[in-house]
């Protein structure tokens, strides 16, 4: 169902149905979801009508609603986790982790995120003072943008949209949310939670549908900003569809992330972190480690790759509700087929690519679903293959050798993306040199590439983003600064500019 102006409804004249089949069990047909692109205009109209009154509410009232959303999500945490697992096949332990991030986002937004847009009064005597009720000659305030379109991805169907939606609402905007067509069930549950938590009618709206519905929403002239998480290709289409419109775009568009293992690293720790980074969520994270660069002779990379292959081959793949499952299926049959094509093209792109683990279709408990086993390749001569250039978005890792730190950094940067990297080293100075040279928005030391903190900015360079980092900085792209200068209330003729002849 859609949510428009506070009412849950089916489209009056549906254009189609989202099939909504569980990727963990193809025999499980979920309730189809009707959609119509005509709902976009109605949702935007409702959002525009509701936004001024919402923005005019005292900040503390909006904060109370955001806290109520966090509490409501917490109260229905298990229901949300079960819906995530059913819609996209994420193991329950991981789905529960996602819901925990959703709950925590409410407090992070109001306790820390709003501090970035609280406004200030410039002071020559010291740090800028916060805005007060007393009029100052110079002041900066932040105002909401208006109606924000949020286009959600399938890999974190609640957490990532929620990371846009709560800051948008807290800063006085209204929202129209178009979720991934792969996860309509959990999107409706999330919308019901916000509705029941007290979000006023029209302030938050949900419109279901395929990519064409998202395209119509992004291009709608009544939308003031588009907040998108997904692929670079779709991000490019959003830029083209909105060209010439005065509209803010906050685009998070994936990564081709590298984990560097320097010669002084704790290898067991590096093995664990890289294994986790590459294959958690079946490799469907924008921060997933898809490249492992081992510094030292080629033989060290060979041995390290062989260890990774042995560990990866033992990862437990199974139904999301089963115990001790590390990986579930990919989010849909389409995602699995796209991954299969990408892996085949990457492997055939050069003759010296060694396949250590072949990705294969698996059937835990005899189930037919979008299950794929981990793939692992040893690339002996990097030459711009898809393993370096394409976001395969599945359980795939390629291993490289680099003779020096500088060569490892150059190889890590030799991609069109720049989201995340990790550096495994016990030397703080070596890490600092890598940190300064790596072209990424997130750089971790002796840690996985995945698992970003919501209390830090989240964004990347090059094809990974457009310099609008999310997470803690989300409130910044939901607002615009307004500079205020106050003059004297009465004209002082002694202060007239030279050459002004004052007479009435």
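None of the figures in this text is laboratory data; all of them are computed from the coordinates on show. Here the structure is a predicted model, which is why all the values come from computation and not from measurement. Positions of Cβ are backbone-derived with ideal geometry, glycine not excepted, and every protein chain shown enters the neighbour counts.
Ordering of 355-364, 287-296 by packing is 287-296, 355-364, highest average first (other Cβ atoms within 10 Å, averaged per residue).
Calculate how many DSSP beta bridges within the chain are antiparallel, expressed in % of all such bridges and rounded to the nearest 5. Here the antiparallel bridges make up roughly 40 percent for the chain. Going by neighbour counts of Cβ atoms within 10 Å, the residues 468, 378, 141, 285 line up, fewest first, as 141, 468, 378, 285. Compared with the alpha-carbon gap, the fully stretched path from residue 19 to residue 74 is longer by 16.9 nm at 0.36 nm per residue.
Each label was represented as a point 7 Å from its Cα along the Cα-to-Cβ direction; for residue 407 and residue 111 these points are 4.8 nm apart. Assuming a ≥ b ≥ c are the square roots of the Cα gyration tensor eigenvalues, decide whether the range 346-504 counts as rounded (a/c under 1.5), prolate (otherwise, with a/b larger than b/c) or oblate. Prolate. Peptides 314-325, 454-465 ranked from most to least packed by the mean count of surrounding Cβ atoms within 10 Å: 454-465, 314-325. Look at 485, 253, 28 and count the other Cβ atoms within 10 Å of each Cβ; fewest to most, that gives 485, 28, 253. A full extension of the chain between residue 490 and residue 503 corresponds to an added length of 3.1 nm, given 0.36 nm per residue minus the alpha carbon distance. Counting only DSSP beta bridges whose two residues both lie in the range 257-452, roughly 20 percent are antiparallel. Taking the DSSP beta bridges with both ends in the range 156-267, the antiparallel portion is around 0 percent.
What is the list of residues in the range 16-47 whose amide nitrogen lies under 17 Å from a point 7 angstrom out from the Cα of residue 365, following Cα to Cβ? What the label zone holds, given the 17 Å backbone N cut-off, is 22-30.
For the chain, what class follows from the C-alpha gyration tensor (a ≥ b ≥ c being the square roots of its eigenvalues): rounded when a/c is under 1.5, otherwise prolate if a/b is larger than b/c, else oblate? Oblate shape, in that a/c is at least 1.5 and b/c is the bigger or equal ratio. The value of relative contact order for the range 257-452, using C-alpha pairs under 8 Å at least six residues apart, is 32 percent. Under the criterion of Cα pairs below 8 Å and six or more residues apart, the relative contact order for the chain equals 19 percent.
If R0 is taken as 35 Å, the Cβ-Cβ distance between residue 93 and residue 61 corresponds to a FRET efficiency of 0.45.
For the range 447-462, the residues whose amide N sits under 20 Å from a probe point set 7 Å from the Cα of residue 269 along the beta carbon direction are 447-453. On full extension, the segment bounded by residue 453 and residue 389 gains 20.4 nm, given 0.36 nm per residue less the C-alpha separation.
Listed from fewest to most Cβ neighbours within 10 Å, the set 404, 242 follows the order 404, 242.
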